[in-house]
1. Do we find that Glu34 is part of a helix (DSSP H, G or I), of a type in the set (Asp, Glu), modelled with pLDDT of 95 or more and not assigned by TED's automatic domain parsing to the domain that holds Gly127 in this structure?
2. Any chance you could count how many residues in the stretch 110-156 are within 24 Å of Ile2 (Cα to Cα) and touching a Gly at 6+ places or on another chain (Cβ under 6 Å)?
3. State the number of residues belonging to the stretch 109-125 that are farther than 20 Å from Tyr10 by Cβ, free of Cβ contacts under 8 Å to residues at least 12 places away in the same chain and assigned to a helix (DSSP H, G or I).
4. Could you go through the stretch 46-56 and let me know if any residue there is touching a residue at least 24 places away in the same chain (Cβ under 8 Å), outside the structural domain of Lys131 (by TED's automatic domain parsing) and assigned to a helix (DSSP H, G or I).
5. Suppose the filter is at pLDDT below 95 and not aliphatic (A, V, I, L, M); does Arg72 pass it?
6. For the stretch 66-81, which residues satisfy the criterion of being assigned to a helix (DSSP H, G or I) and more than 15 Å from the chain's Cα centre (by Cα)?
7. Does any residue in the stretch 5-16 that is under 17 Å from Arg76 (Cα atoms) come within less than 6 Å, Cβ to Cβ, of a residue that is of a type in the set (Gly, Ala, Ser) six or more places away or on a different chain, and which pairs are these?
Amino acid sequence: MIEYISQEGYDKMVAELHELMTVERPRISEAISEARDKGDLSENFEYHAAKREQGKLEGRIDRLKVKLTNARIIERNRLTADAVQLFSTVKLTDLTHNREMKYTIVNPMEADFSTGKISIKTPIAQGLLKKRVGDIVEIKVPAGMLKLRIDNISIM
C-alpha cells in the first residue's frame, strides 16, 4: 500500500534502517556469539535473550524496508494552502473550550503529538480534511464533541 510521506520522514526512516543494519545488527550478532561460547545453549539465558532481541530487530528492519519500498515523497511545492490536506499546518480555535490549537497533518509514520504532528487517520484530521479557513467543524473524539474553527492553513 502506497504511503505518502515528507522528505524529512523518509530521510529519518532511511537513517534508522542504516543504524539498525550497521550498528545494532552487528552488536546483537556479537552478543549471540559471546553467549554461544559459554557452552550449553539449552540453559543459556544470555543466548536466548540475544536471539529474541535479534528476532525483534530483524522484524523492525523488515517493516522499515517495506515502508520505504511503499513510500512516495510528496513535493511540498505541489501542495496548496487553500484547503486542509496531508502536510497542512492548521491553526484552530477550539470553540468548545475557548483555546487555540495548531496541528500539522502527517502520515501515521511521522505522527508525534508532542510536536503537534497528528496522523491523517485521527478523528481530528479526518474532520478537517478538505475544509477551508473560516469553516467551523464539529468532530467526535473519544472525550466528546469538539467544535473547531479553522483560522489559518499553511504547508508544513
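1. Numbers: part of a helix (DSSP H, G or I): yes; of a type in the set (Asp, Glu): yes; modelled with pLDDT of 95 or more: no; not assigned by TED's automatic domain parsing to the domain that holds Gly127: yes.
In short, no.
2. Here the count works out to 1.
3. 2
4. Keep residues of the stretch 46-56 that are touching a residue at least 24 places away in the same chain (Cβ under 8 Å), which gives 53-54.
Adding the requirement that they be outside the structural domain of Lys131 (by TED's automatic domain parsing) leaves 53-54.
Narrowing further to those that are assigned to a helix (DSSP H, G or I): 53-54.
Taking every residue of the stretch 46-56 in turn, at least one turns out to be touching a residue at least 24 places away in the same chain (Cβ under 8 Å), outside the structural domain of Lys131 (by TED's automatic domain parsing) and assigned to a helix (DSSP H, G or I).
5. Working: at pLDDT below 95: yes; not aliphatic (A, V, I, L, M): yes.
In short, yes.
6. In the first step, residues of the stretch 66-81 are kept if they are assigned to a helix (DSSP H, G or I); the result is 66-70, 76-78.
Thr69, Arg76, Asn77, Arg78 - these are the residues of the stretch 66-81 that are assigned to a helix (DSSP H, G or I) and more than 15 Å from the chain's Cα centre (by Cα).
7. Cβ pairs passing all conditions: Ile5/Ala71; Tyr10/Ala71.
The values are calculated or read from the model by the stated rules, or taken from the named source; none is laboratory data. Every value quoted in this text rests on a predicted model; they were computed, and no experiment measured them. Reconstructed Cβ throughout: ideal geometry from the backbone, glycine too, with neighbour counts over all protein chains shown.
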